[in-house]
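A short write-up of the structure that comes next.
The values are calculated or read from the model by the stated rules, or taken from the named source; none is laboratory data. Model, not experiment: these values are computed from the prediction. Here the Cβ is made from the backbone with ideal geometry for all residues, glycine too, and neighbour counts use every protein chain on show. To get the accessible areas, we keep the full protein, side chains included, count just its heavy atoms, and leave off ligands, DNA and RNA. Shrake-Rupley method; radii C 1.70, N 1.55, O 1.52, S 1.80 Å.
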Amino acid sequence: MSTSTTTSSLTGTGAGAGTSAGPSTSGAGAGDPSTSAATTGSSSSTGDPAGGTGGSSGTGETHPKDHCVDGYDPHPSDATMKDGSAEFVKNNQIDLTVQPEVISWMQENEWQAAHFEWHSIRRCNGGMGMSRVNICRSAVPVPSDQECKTTGDGYQFLAMHRHMIQSLKQLWPKHSEQFEGFKKFPTTAEELPQQWRSDFRPWSATTLANAKIGDEIDKPENLSRFPDEGAFGMWLQCFAGQAIPGSSQQASGLHGDLHFKWVRSQNTDHGLGNQFTNIDNYMFWKLHGWIDNVWEKYRVAKGMSPTDQKLKDAVAAQCYEMDAIAQVINPDLKPDEPVDPLPEEAGVFHESVRPIFESAIHKCSGCHAAPGTAPQAGLSLGGDISSTDIVAGLVNKTAKGGGQFKLVVPGNPDQSWLYLKVAGTAGNAGCRPSGGGTCQTGVMPQAADGKPSLTSAELATLRQWIQSGAPAPTKK
């Protein structure tokens, strides 16, 4: 990520602000009365280098995986990426970004440009269009809800950013802090990452008053200001003094206040004020995460749930629209391709062992998914792959990083590298580097204390399957 002027660098810092986990849902549906008409039920989604386009995992379902509905699988870099923010230095000014792996994924999927064009297509009727692809005349329909003109636009603003936040958390679940918002509106320097504190200046009295309404939106006197979520979204998003349709309420402009508070005048490559790349910025997610947090607080106070179908539909609709815009920007981005359904299978491995690898606790299949997703060490343990093919890739196959060992030796779990790794006994197994390979003896799945994360019952299930000859699944 080089620049053309003076010295610049992007390095991991591990810096963090006071944040809390945002209320992200794990998936979404399609369509919503107050979302744009750009998309409906079928995805025109972009390619997914994270491996989020596969089908079902051996359950007999026949639909291709749709990341707008089913979410993304964890990105392979989730296992190795640094925590916290990264520093980007230019002209002796420090800016903070998300980690380079996240920026690369967003670039590959045209997220920076699609985010900008998403806003641009909502300015088509106001003479404010700055589109780089003439988005107002593209195949993507111009929404009737134009920016800051309707409460429908306010609702779409909230739903689109939730789509982005929850997608990034799905892709990098071990590093979700990068996409979480401030616990409360930051009013002191101490609430900011260290690199931003010297530039902190007091907010105006109006901004502080509006921020207090946001932080305390669940109080009855604040809830009564906003008849629905769209009105609240418009209040958060739009310029101060903008009248909200159908209400005497004036918009707060908190969104703009947060965006332009920490602009780096000599370091704008990934800056909050750079409309073309601002989603690279670490603080972008802190401020939009705060907006998402107060929106969810409003929803809870109104008796709504993060799993409400209307919300899922609205978030999915924004996902589909973002994908459609991305394809206008880069026609080489292909929609999700339908995949052949996986066979219906039975047997001990399919019914008892595979679920261990694919569990939400162990997440083995996040890094060791189907072959087409570049699984770590070439080892597939789940995802869009049949159980028969998983077993074929394990039995009597050389273990990368396991010296002379095979992954699974039928009848002999104590000579099976897969079992030794998950049992935490690989370090004492006498592994010898073989054929230029090394012996990587750490326990898997990785655990903070270095101890096995599988339960004794799960280990017994895996051991018994190998002891019984590691039989392949059967087709139903």
| Using a cut-off of 14 Å between alpha-carbon atoms, which aspartates and glutamates can reach LYS174, once sequence neighbours fewer than 8 places away in the same chain are excluded? | ASP73, ASP78, ASP83, GLU101
| Just how far, in whole angstrom, is the stretch 282-348 from the stretch 145-205 if you go by their alpha carbon centroids? | 17
| task | Could you please report the charge total around MET130, scoring K, R as +1 and D, E as -1 over all other residues with beta-carbon less than 15 angstrom from its beta-carbon? | result | +2
| Ranked from the most accessible area to the least, with a 1.4 Å probe and all protein chains present, what is the order of CYS124, CYS238? | CYS124, CYS238
| For the stretch 79-173, what does the alpha-carbon gyration tensor say about shape, rounded, prolate or oblate, given a ≥ b ≥ c as the root eigenvalues, a/c under 1.5 as rounded, and a/b over b/c as prolate? | prolate
| message | What are the extents of the Cα atoms of the stretch 278-378 along their three principal axes, in Å, largest first? | response | 48, 40, 28
| query | FRET efficiency for ASP308 and ASN428, Cβ-Cβ distance as r, R0 = 51 Å, nearest 0.05? | reply | 0.50
| task | Provide the per-residue ³J(HN,Hα) series for the stretch 406-422, in order, calculated from phi with Karplus coefficients 6.51, -1.76, 1.60 and θ = phi - 60°, each as a whole number of Hz, with x at glycine and proline positions. | result | 9, 4, 9, 10, x, x, 9, x, 6, 10, 9, 4, 4, 5, 4, 5, 6
| task | For the stretch 350-476, calculate the relative contact order in percent as a whole number, restricting contacts to Cα pairs under 8 Å that are 6 or more residues apart. | result | 22
| request: Working with all protein chains in place, sort ARG197, ARG123, ARG299, ARG137 by solvent-accessible area computed with a 1.4 Å probe, largest first. | output: ARG137, ARG197, ARG123, ARG299
| Rounded if a/c is under 1.5, else prolate if a/b beats b/c, else oblate: with a ≥ b ≥ c from the C-alpha gyration tensor eigenvalues square-rooted, which is the stretch 367-476? | rounded
| said: Please state the shape class of the stretch 168-324: rounded when a/c is under 1.5, otherwise prolate if a/b exceeds b/c and oblate if not, all from the C-alpha gyration tensor. | reply: oblate
